[in-house]
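Okay, so here's the structure we're looking at.
The values are calculated or read from the model by the stated rules, or taken from the named source; none is laboratory data. On a predicted model such as this, the values are computed, not experimentally measured, just so you know. Neighbour counts are summed over all protein chains in view; Cβ atoms, including those assigned to glycine, are modelled from backbone coordinates with ideal geometry. Just so you know, the surface numbers come from the protein's heavy atoms only, side chains and all, with ligands and any DNA or RNA stripped out. Shrake-Rupley method; radii C 1.70, N 1.55, O 1.52, S 1.80 Å.
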Amino acid sequence: MGIQAVILLGAPGAGKGTIADDVVRQADYIHFSTGDMLREAIKQGTPVGKQAEQYMTKGNLVPDKLIIEIVMQRIDRGADGAKYMFDGFPRTLEQARLLDAEFVKRKAVLSRVILLDVPKDVVLQRLTGRRVCRNCGASFHIHNIPPQKSGICDRCGGPLEQRPDDMEATILNRLEVFHQQTAALIAYYKSRGILARVDSSRPREQTAAEVAGLLK
Ligand code: AMP
């Protein structure tokens, strides 16, 4: 059995990370977040991290070639029958085309693309209130998903902080980047007949259940 993948597509704040976390707990997928991988590389001070940081702090996209390289490296180190849930990748048409070409070489299958759809005001409210654990990366929200103890991660007890790119000016740029570069992927995958749209402005359990249902 070869490699399989599904893509969670959506604006920043659409809930990709949260929903992927919920779904992989019920289904046999590996949560594959390029944003998390890059943040980890920055924390470790690797050459990739140093290169990526200058783009990320401004809310711009990291170059396509660098992204596809780190994604395929990670996949080639993984098991042959692995099933991946991509969160935040691909982000441009070029990344989608490169991914297709790499998947053809490996006889890997992209089975579904799920668009998490949310209105812009919900996205802004989610991103400004988001807090993430410095140690394990778990995501909370000061109103929507509050931790049991303010400022402390429920999962590992680590300190919660605001992502540097969740400041208002950077958020607006990230939304702009989404509309200019990532939204084109909706038409790309729709024409292939593998796109499903899910309303992600509802409570997370409902959205996660619908996404999990689409993967059966
Ligand atoms: P995320 O955690 O998915 O919101 O990603 C945070 C930041 O990491 C983005 O604003 C980009 O700067 C960078 N990034 C993550 N994934 C990608 C990708 N597939 N292509 C380019 N840049 C990315």
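For Glu161, the solvent-accessible surface computed with a 1.4 Å probe is close to 70 Å², ligands and nucleic acids excluded.
Here the relative contact order of region 63-175, from alpha carbon pairs under 8 Å that lie six or more residues apart, stands at 17 percent. With a cut-off of 12 Å between beta carbons, the residues surrounding Ile75 carry a summed charge of +1, where Lys and Arg count +1 and Asp and Glu -1. Selection among Tyr189, Gly2, Leu115 by position relative to the dipole of the chain gives Gly2 as farthest towards the positive end (Cβ unit charges, Cα centre).
If only the Cβ of Lys and Arg carry +1 and only the Cβ of Asp and Glu carry -1, the dipole of region 15-84 around its Cα centre is close to 220 debye.
In order along region 69-81, the phi-based Karplus estimate (6.51 cos²θ - 1.76 cosθ + 1.60, θ = phi - 60°) of 3J(HN,Hα) comes to 5, 6, 5, 5, 4, 5, 5, 5, 7, x, 6, 5, x Hz; Gly and Pro are listed as x. Rounded to two decimals, the Cα-based Rg/Rh of region 85-176, with Kirkwood Rh, is 1.07. Between Ile145, Ile30, Ile67, the Gaussian network model of the chain with springs among Cα atoms under 10 angstrom shows the greatest mean-square fluctuation at Ile145.
Measuring with a 1.4 angstrom probe and ignoring ligands and nucleic acids, Lys50 comes out at about 140 Å² accessible. With the whole protein complex present, Lys120 retains an accessible surface near 120 Å², based on a 1.4 Å probe. In whole percent, and with a 1.4 Å probe on the protein chains, what portion of the accessible area of region 82-173 is carbon and sulfur? C and S fraction of accessible area: 52 percent.
Note that region 46-196 presents 53 Å² accessible area per residue, ligands and nucleic acids not counted, probe 1.4 Å. Mean sequence separation of contacting Cα pairs (under 8 Å, at least six apart), scaled by the length of the chain, corresponds to a relative contact order of 31 percent.
I need the calculated FRET efficiency for the pair Lys43 and Asp117, taking r as the beta carbon distance and R₀ as 45 Å, to the nearest 0.05. Computed FRET efficiency for Lys43 and Asp117: 0.90.
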